[in-house]
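Comments concern the structure below.
The values are calculated or read from the model by the stated rules, or taken from the named source; none is laboratory data. Just so we're clear, the structure is a prediction, and the values are computed from it rather than from any experiment. Here Cβ is always computed from backbone atoms with ideal geometry, including for glycine, and neighbour counts include all displayed protein chains.
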Amino acid sequence: MYSIIVHGGVGAVSHEKEEAVIAGVREAVKAGSDVLASSGSSLDAVETAIKILEDNPLFNCGTGSVLTFDGEVEMDAAVAYGPALGFGAIAGIKNIQHPISLARMVMEKTDHVLLQGGGAQEFARMMGIASHDPITEERRVQWRAYREKFLRGDAGDWPKLKALMKEHPEFMHGTVGAVAVDEKGEITAGTSTGGVFLKMLGRVGDTPLPGAGTYATNFGGASSTGLGESMMRTLITKTACDFMRMGLNAQGAASGAVNMLSNILGTEAGIIVVDNQGGIGFAQNTPQMPHAYFKKGMSEPVAEL
């Protein structure tokens, strides 16, 4: 019983972009489910789905990633492979098209778990990955406007990142993830992000850290989205996988993990989960988390905000 679910981040989606965002997650899950329907692996399905989202400038990953305070793009990505507790991740990568593919290469072609900054950049060069500028004009315009507010001192009501995200939840939307189980029962989770808008140069979020933004075991897999610092402090995806190990299904694990974070920290969070029976779960404590899913036997994917 194969299944796959993808998310496009928590936060607010502007009304004029709602249909396009729903179409984006639907396209991604359809591509991933086609891989699974052809007896492909969950690893291939997750990478395929996320690459489509990385090429869609509506989402905060790959092309269309948000800019740092210094006007650059630093992307994080991770892939977790349940059967071997496999994990590969990159942090602070610049100028590549598909960070998720490089994260997979870290898992499959090195003895390491996480490469960051210059080391990740050199690894990309060694792997023959072409240079790609992920900055879009829309993101550049956003960056100029809000950076000027900070420099003028007009952003005094945003003394910390949490306050900024509450004032402008549209900047949180866009991190993407996918979780799948294939016909062999093997589970993979993946996440890709440009990080938090106006983040400090060098900031690393939850996405590339095992158990925070991304995790998978033989019992299930999970990908999270929201304020990364909260995910790191609560290990939300590890928590969801532990819930499944203790007998909860995917939906119970998703709801339990988000409730845990909400009760402890009260910050914005969302999660998608797949269990080893093909069950799918998703939960968030925000009004929206664009997502789409498909299970064997369905005629069409379900895609919704």
Qualifying residue in segment 219-236 (condition: surrounded by fewer than 22 Cβ atoms within 10 Å (Cβ to Cβ), assigned to a loop (DSSP other than H, G, I, E, B) and of a type in the set (Gly, Ala, Ser)): no
- line: Restricting segment 22-57 to residues that are under 17 Å from the mean Cα position of the chain (by Cα) and of a type in the set (D, E, K, R), the one nearest to SER223 (Cα to Cα) turns out to be GLU47
- prompt: Quick check: is even one residue across segment 55-75 closer than 21 Å to VAL181 by Cα and not hydrophobic (A, V, I, L, M, F, W, C)?
  reply: no
field: Which listed residue, of LEU53, LEU43, is touching a residue at least 40 places away in the same chain (Cβ under 8 Å), over 22 Å from GLY228 (Cβ atoms), assigned to a helix (DSSP H, G or I) and in contact with a helix residue (DSSP H, G or I) (Cβ under 8 Å, 6 or more places away or on another chain)
entry: LEU43
message: If I filter segment 12-24 for residues that are in contact with a strand residue (DSSP E or B) (Cβ under 9 Å, 6 or more places away or on another chain), modelled with pLDDT of 95 or more, among the small types (Gly, Ala, Ser) and under 26 Å from PHE123 (Cβ atoms), do I get at least one hit?
response: no
message: One residue is enough: does segment 19-40 have a residue meeting the conditions basic (Lys, Arg), in contact (Cβ under 8 Å) with a residue 12 or more places away in the chain and within 21 Å of PHE282 (Cβ to Cβ)?
response: yes
- request: Give me a count of the residues in segment 125-146 that are surrounded by 18 or more Cβ atoms within 10 Å (Cβ to Cβ) and more than 19 Å from ILE93 (Cβ to Cβ).
  value: 2
message: If a residue must be in contact with a helix residue (DSSP H, G or I) (Cβ under 7 Å, 6 or more places away or on another chain), crowded, with 20+ Cβ neighbours inside 10 Å and among the small types (Gly, Ala, Ser), how many such residues does segment 74-90 contain?
response: 4
query: Mind checking whether some residue in segment 8-16 is touching a Gly at 6+ places or on another chain (Cβ under 6 Å), farther than 24 Å from GLU304 by Cα, touching a residue at least 40 places away in the same chain (Cβ under 8 Å) and buried (at least 19 other Cβ atoms within 10 Å of the Cβ)?
result: no
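Of all residues in segment 70-94, which are in a helix (DSSP H, G or I) and touching a residue at least 40 places away in the same chain (Cβ under 8 Å)?
Result: GLY82, PRO83.
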message: From the list ALA254, ALA240, ALA212, exactly one residue is of a type outside the set (Lys, Arg), within 29 Å of GLU72 (Cβ to Cβ), surrounded by 19 or more Cβ atoms within 10 Å (Cβ to Cβ) and modelled with pLDDT of 95 or more. Which is it?
response: ALA212
- request: Can you tell me which residue among GLN97, GLN121 is among the polar types (S, T, N, Q), at pLDDT 70 or above and either assigned to a helix (DSSP H, G or I) or buried (at least 19 other Cβ atoms within 10 Å of the Cβ) (or both)?
  value: GLN121
- prompt: Which one is nearest to ALA80 (Cα to Cα), of the residues in segment 240-287 that are in contact with a helix residue (DSSP H, G or I) (Cβ under 6 Å, 6 or more places away or on another chain) and without any contact (Cβ under 8 Å) to a residue 24 or more places away in the chain?
  reply: PHE243
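One line per residue, one yes/no per condition, for (1) at pLDDT below 75; (2) among the polar types (S, T, N, Q):
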residue	(1), (2)
SER101	no, yes
ARG144	no, no
GLY153	yes, no
MET172	yes, no
task: Only residues in segment 164-191 that are surrounded by 24 or more Cβ atoms within 10 Å (Cβ to Cβ) count as the first member; pair them with residues that are of a type in the set (A, V, I, L, M) and modelled with pLDDT under 55, Cβ under 7 angstrom, at least 6 apart or cross-chain, and list the lot.
output: MET172/MET165
- request: For segment 5-27, state whether one or more residues are under 21 Å from VAL196 (Cβ atoms), among the basic types (Lys, Arg) and not in a loop (DSSP other than H, G, I, E, B).
  value: yes
